[in-house]
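The values are calculated or read from the model by the stated rules, or taken from the named source; none is laboratory data. As the structure is a computational prediction, the values presented were derived from the model and not from experiment. In this analysis, Cβ positions are derived from the backbone assuming ideal geometry, glycine residues included, and neighbour counts consider all displayed protein chains.
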């Protein structure tokens, strides 16, 4: 019996300490990278939410046949979709359309707020700067067109993402190249 026990495989204290040291080294190297990914997630998510709101507003305008607006509140770092009503068939073109709230899909983002470390670095609508304004709007029309818009989201760390709304198609283009974003100003 005694010889069987001595032949059993086991781990020595030195082997366990070496494994723990290797795990500690890997964790020490990985923590800054994980932190960086978490920090960037805020910008990626903010840009994604912004793009989705703009695309949803365009889709609502086309589907409802009425003007839909995305309202920006730059000083509060938030945005929302408003409008979406249909025009009356008898109303003249110059009349203000009657708006009814659009029924948002439960899976679509219709409003949002930027994380605390992200702000609007630039907000231009139809070539006018609204970054310091209380609010502004971007209109989407039933034919798929929109106002012209450029905005830049900036983190406290200096990371930036630009978005450009092409007025003839109403489509959003995300810009990550800082050189191109600098030419907008």
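If you check 106, 101, 92, 115, which single one turns out to be assigned to a loop (DSSP other than H, G, I, E, B) and either within 14 Å of residue 73 (Cα to Cα) or at pLDDT 80 or above (or both)? Steps first, answer last, please.
On the way: 106 fails: either within 14 Å of residue 73 (Cα to Cα) or at pLDDT 80 or above (or both); 101 fails: either within 14 Å of residue 73 (Cα to Cα) or at pLDDT 80 or above (or both); 92 fails: either within 14 Å of residue 73 (Cα to Cα) or at pLDDT 80 or above (or both).
Exactly one residue qualifies, and that residue is 115.
For every residue, the table says whether it meets (1) touching a residue at least 12 places away in the same chain (Cβ under 8 Å); (2) exposed (fewer than 15 other Cβ atoms within 10 Å of the Cβ); (3) within 21 Å of residue 124 (Cα to Cα); (4) in contact with a helix residue (DSSP H, G or I) (Cβ under 9 Å, 6 or more places away or on another chain).
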position: 30; (1), (2), (3), (4): no, yes, no, no
position: 43; (1), (2), (3), (4): yes, no, yes, no
position: 60; (1), (2), (3), (4): yes, no, no, no
position: 64; (1), (2), (3), (4): yes, no, no, no
position: 71; (1), (2), (3), (4): yes, no, yes, no
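Restricting attention to segment 141-185, which residues are surrounded by fewer than 16 Cβ atoms within 10 Å (Cβ to Cβ), in contact with a helix residue (DSSP H, G or I) (Cβ under 7 Å, 6 or more places away or on another chain) and closer than 15 Å to residue 56 by Cα? Matches in segment 141-185: 144 only. Does at least one position in segment 47-54 carry a residue that is modelled with pLDDT under 90, at negative phi and out of contact with any strand residue (DSSP E or B) (no Cβ under 8 Å at 6 or more places or on another chain)? Checking segment 47-54: at least one residue is modelled with pLDDT under 90, at negative phi and out of contact with any strand residue (DSSP E or B) (no Cβ under 8 Å at 6 or more places or on another chain). Among residues of segment 4-20 that are assigned to a loop (DSSP other than H, G, I, E, B), those with a beta-carbon under 9 Å from a residue that is surrounded by 10 or more Cβ atoms within 10 Å (Cβ to Cβ) and modelled with pLDDT of 90 or more at least six positions away or on a different chain give the pairs 11/19. Scan segment 118-140 for residues that are under 19 Å from residue 170 (Cα atoms) and outside any strand (DSSP E or B) and the total you get is 2.
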